[in-house]
Amino acid sequence: MSFITMPRRTRVIVLALSLAAPSLGSPRPLAAQANTPPALITGEHQVVLNGVRLWYRVAGTSTPHTPPVLFLHGGPGYNSYSFAQLEGPLLEKKLRMIYLDQRGSGRSERPWTRDYKMQTLVEDVDQLRRTLGVEQLSIIGHSFGGTLALEYAAAHPQHVAKLVLVDILYDAPSQCRYRAQGLKELRPEAYARVAKDTVDSAGVMRSFCELEFRGLRGAERESFSNEMMFPDSLRRKVQERVDSASGLRNTGELSNALFNAGLLTYQFKAYDRLTMPALVVVGGKDRAVGGPPMAELARRLPNGRLVTLPRGGHFAYLEEAEAFAEQVGRFLAGS
């Protein structure tokens, strides 16, 4: 889901138009889990962390020296269902995957305190790590999940073995400037209406992030956002059917809280703390946050490497599931 779209419903991505969604996998034999900590046993788990009941699911196998892999979904406020359906059966062949629904998202609880601060989300991740009983995790973060992955890795670099960042938000002003070019090309009349209105009523310069919200409304903005994210509209239609089957929705609580706290001005700066190996994955046709900004992210990371999936959109693993699994699986399972 685009990081500047406040969704009316959850978006779920599917593997292919011609194939049914793969199963979530069967549990490993009990003998293979004999020495596994209870919190890492294959299956669904619910645990109260940081004052909130969080849902996560464990699946897959790995070598003893390969850390478990935590997937952080985007939205904000989305869920882990679609990634588990799409990439799970491929990645779980060589990795132990942990699919977490963040607080206020998917099958996890909506906190009565409405505490959705970034530092709280970071603490949720670290409390989960401690509950799992592991010293290190590898992390895959998609879209806003990549933002959370950056913040967690900067706060706890000693606990992150490897990072995979998939079409993420890391420098909103720069990425909104890139996105505005799409608005200019795809909706020239809307762009012309707002591009010259550069100062707000208080005399403050407007950001590029505001162009889309001021130029487009409701269904028109959702249509534009879909064009920016999905190179093939048929994929989006199948996505909506799987979304309906999931029974999950985005309540908007997490996204609204983060946007109100200034997510559209967010800029990550603690690059020097991210010395762990990092793989930046971008869909070659992602016009939401992809393109040159993602190449710049890979350049800024001390130990970063860029992989472009040419046919991929914002959900790069949708159009290129096998290639995504090959690249990410080799990176995370390798020495």
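The values are calculated or read from the model by the stated rules, or taken from the named source; none is laboratory data. What you see is a predicted model; the values in this text were computed from it and never measured. Cβ placement follows ideal geometry from the backbone for every residue including glycine, while neighbour counts extend to all protein chains displayed.
Here are some notes:
- Search result, residues across region 133-150 that are part of a helix (DSSP H, G or I), hydrophobic (A, V, I, L, M, F, W, C) and touching a Phe, Trp or Tyr at 6+ places or on another chain (Cβ under 9 Å): Phe144, Leu150
- Flag for Pro111 being touching a helix residue (DSSP H, G or I) at 6+ places or on another chain (Cβ under 9 Å), assigned to a loop (DSSP other than H, G, I, E, B), modelled with pLDDT of 95 or more and buried (at least 19 other Cβ atoms within 10 Å of the Cβ): no
- With respect to (1) hydrophobic (A, V, I, L, M, F, W, C); (2) surrounded by 16 or more Cβ atoms within 10 Å (Cβ to Cβ); (3) assigned to a loop (DSSP other than H, G, I, E, B), the lone exception for Ala202 is condition (2).
- Scanning region 279-300 for residues that are touching a helix residue (DSSP H, G or I) at 6+ places or on another chain (Cβ under 8 Å) and under 16 Å from Ala149 (Cβ atoms) yields a total of 6.
- Residue tally, condition assigned to a helix (DSSP H, G or I), under 18 Å from Gly304 (Cα atoms) and within 17 Å of the chain's Cα centre (by Cα), over region 155-182: 0
- Out of Leu86, Leu90, Leu132, sole residue that is hydrophobic (A, V, I, L, M, F, W, C), surrounded by fewer than 24 Cβ atoms within 10 Å (Cβ to Cβ) and under 26 Å from Gly290 (Cα atoms): Leu90
- Matching helices (runs of 4 or more DSSP H) fully within region 249-335 where at least 1 residues are modelled with pLDDT of 95 or more: 253-260, 292-300, 321-333
- For region 38-65, the set of residues classified as within 25 Å of Lys93 (Cα to Cα), more than 22 Å from the chain's Cα centre (by Cα), of a type outside the set (A, V, I, L, M, F, W, C) and in a loop (DSSP other than H, G, I, E, B) consists of Thr42, Thr61, Ser62, Thr63, Pro64, His65, listed by residue number.
- Close contacts from region 238-264, counting a first residue that is under 17 Å from Glu109 (Cβ atoms) and touching a residue at least 24 places away in the same chain (Cβ under 8 Å) and a second that is in a loop (DSSP other than H, G, I, E, B) and of a type in the set (Phe, Trp, Tyr), with Cβ to Cβ under 8 Å and a gap of 6+ residues or different chains, come to Asn250/Tyr78; Glu253/Tyr116; Leu254/Tyr116; Ala257/Tyr116.
- The condition of being in contact (Cβ under 8 Å) with a residue 60 or more places away in the chain, among the charged types (D, E, K, R) and assigned to a helix (DSSP H, G or I) does not hold for Glu210.
- Exactly one residue out of Ser138, Ser108, Ser143 is under 16 Å from the mean Cα position of the chain (by Cα) and on the phi < 0 side of the Ramachandran plot, and it is Ser138.
- Arg311 being in contact with a Gly (Cβ under 9 Å, 6 or more places away or on another chain), of a type in the set (Lys, Arg) and surrounded by fewer than 16 Cβ atoms within 10 Å (Cβ to Cβ): yes
- Within region 213-226, restricting attention to residues that are surrounded by 12 or more Cβ atoms within 10 Å (Cβ to Cβ) and out of contact with any helix residue (DSSP H, G or I) (no Cβ under 6 Å at 6 or more places or on another chain), the residue that is modelled with the lowest pLDDT is Phe213.
- Scanning region 246-300 for residues that are surrounded by fewer than 21 Cβ atoms within 10 Å (Cβ to Cβ), under 25 Å from Gly312 (Cβ atoms) and among the hydrophobic types (A, V, I, L, M, F, W, C) returns Leu248, Leu263, Leu264, Phe268, Met276, Ala295, Ala298.
- Single residue of region 279-335 satisfying the filter (touching a residue at least 40 places away in the same chain (Cβ under 8 Å) and in contact with a Ser or Thr (Cβ under 7 Å, 6 or more places away or on another chain)) that is nearest to Phe71 (Cα to Cα): Leu332
- Unique match (being farther than 23 Å from Ser82 by Cβ, in a helix (DSSP H, G or I) and of a type in the set (Gly, Ala, Ser)) among Ala192, Ala245: Ala192
- Taking the numbered list (1) in contact with a strand residue (DSSP E or B) (Cβ under 8 Å, 6 or more places away or on another chain); (2) crowded, with 17+ Cβ neighbours inside 10 Å in turn, Cys176 passes all entries but (1).
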